[in-house]
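Please treat every number below as a calculation from the coordinates, not as lab data. Because the structure is a prediction, the values reported are computed rather than measured. Note: ideal-geometry Cβ built from the backbone for every residue, glycine included; neighbour counts use all protein chains shown.
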């Protein structure tokens, strides 16, 4: 038996999977929850339609779970999906959200499986540096915080980006890794991808202080 990794295509879940593989855990499934609710407490929403292509590059079977995305009810959807799998544990990219980790731990306890959370309590700057130092090609696909305007949509998370986020942290008190919902990300290239991706078609939408880059089409790119 192996592990099921909660996977959104974002930086945290992607980094957690890579670290699990480096620790020689068998990542047998990627589990993606598709919430109807844009304001899901547990699950990432932007650009989930891209996930199957990312899973193909990772060469890991993808399990998709539909959910209303309603608070607490969405946990029942996740539990039901994991219960159907023959696994010994679940991998999460939780970093600092007690709300998320506590609930995933409860599901793991109920199903009598292990939990692997390699990013838990890592410093936000260390997390971002680990991404950039190990060849993850991540971009910002949604923003919702002071200091993050429309120009941030599509920006690569690189050293220059990290320095600017740190300045915004000093000015506005944001979480530089997006733990407060300040932004969401998408990983277009990673050390465990068989191939990377380039965006071919996209459009952005902006409302008040919140914006999203909706990616309509990606294309394979050689590593």
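For this structure, a couple of remarks:
- Straightening the chain between residue 72 and residue 210 buys 47.2 nm, computed as 0.36 nm per residue apart minus the Cα-Cα spacing.
- Gain upon complete extension [residue 34, residue 133; 0.36 nm per residue less C-alpha separation]: 32.6 nm
- In plain terms, the chain from residue 203 to residue 61 could stretch by 48.2 nm, reckoned as 0.36 nm per residue minus the Cα-Cα distance.
- Distance in nm between pseudo-label sites at residue 175 and residue 123 (7 Å out along the Cβ direction from Cα): 1.8 nm
- Relative contact order (%) - the chain, alpha-carbon pairs under 8 angstrom, separation at least six: 20 percent
- Residues 206, 120, sorted so that the one with the fewest Cβ neighbours within 10 Å comes first: 206, 120
- The chain: angle of helix 11-22 to the longest principal axis, Cα-based, in degrees nearest 10: 50 degrees
- For a label point 7 Å along the Cα-to-beta-carbon line of residue 49, residues of the stretch 1-38 with backbone N under 18 Å: 8-10, 32-38
- Label corresponding to semi-axes √(5λ) of the Cα gyration tensor in Å when calculated from the structure given, among (i) 26, 19, 18; (ii) 33, 18, 16; (iii) 45, 18, 14: (i)
- Contact order, relative form, for the stretch 1-106: 37 percent (alpha carbon pairs under 8 Å, 6 or more residues apart, mean separation divided by residue count).
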